[in-house]
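Here the structure is laid out as structure tokens; the discussion comes afterwards.
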Amino acid sequence: MLNRLHSNYNISYQLLYTDSQAEFTSSDYIELSNYISKTMLLNENKVCSEEDINNYKKHILIKKAINELHSANNLDSEKIVVHY
């Protein structure tokens, strides 16, 4: 059906679905969808695997740590390592 709609009306889509038992809020599902859709082609269907979800959770942890470092505005933190 989606391929036919795309052919007839030139409407692109990305379809992502999962049967994971992971618990997410509505906003988490939206962020997960945005995170995974960046790796998808247009007009593609994808089953979201546990590996995808685990990678997303790692991404969120890293993003949160970077935001905390930015908010602290402390370049002397032991969490910051600069390589020359």
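The values are calculated or read from the model by the stated rules, or taken from the named source; none is laboratory data. Keep in mind that what you see is a predicted model, and the values were worked out from it rather than measured. Here the Cβ is made from the backbone with ideal geometry for all residues, glycine too, and neighbour counts use every protein chain on show.
Quick check, is residue 38 under 23 Å from residue 13 (Cβ atoms) and either surrounded by 14 or more Cβ atoms within 10 Å (Cβ to Cβ) or in contact with a Leu (Cβ under 6 Å, 6 or more places away or on another chain) (or both)? The answer is no for residue 38.
For the range 32-84, the candidate set comprises residues that are among the hydroxyl-bearing types (Ser, Thr, Tyr) and outside any helix (DSSP H, G or I); within that set, the residue that is nearest to the chain's Cα centre (by Cα) is 39. Does residue 29 count as at pLDDT 90 or above, of a type in the set (Phe, Trp, Tyr), in a helix (DSSP H, G or I) and under 16 Å from the mean Cα position of the chain (by Cα)? So residue 29 does not fit the description; no. Can you spot a residue in the range 64-80 that is under 30 Å from residue 5 (Cβ atoms) and surrounded by 10 or more Cβ atoms within 10 Å (Cβ to Cβ)? No, the conditions are met nowhere in the range 64-80.
For beta carbons closer than 8 Å, sequence separation of 6+ or different chains, a first residue in the range 55-69 that is in contact (Cβ under 8 Å) with a residue 24 or more places away in the chain and of a type outside the set (Phe, Trp, Tyr) and a second that is part of a helix (DSSP H, G or I) and surrounded by 13 or more Cβ atoms within 10 Å (Cβ to Cβ), the qualifying pairs are 59/35; 60/31.
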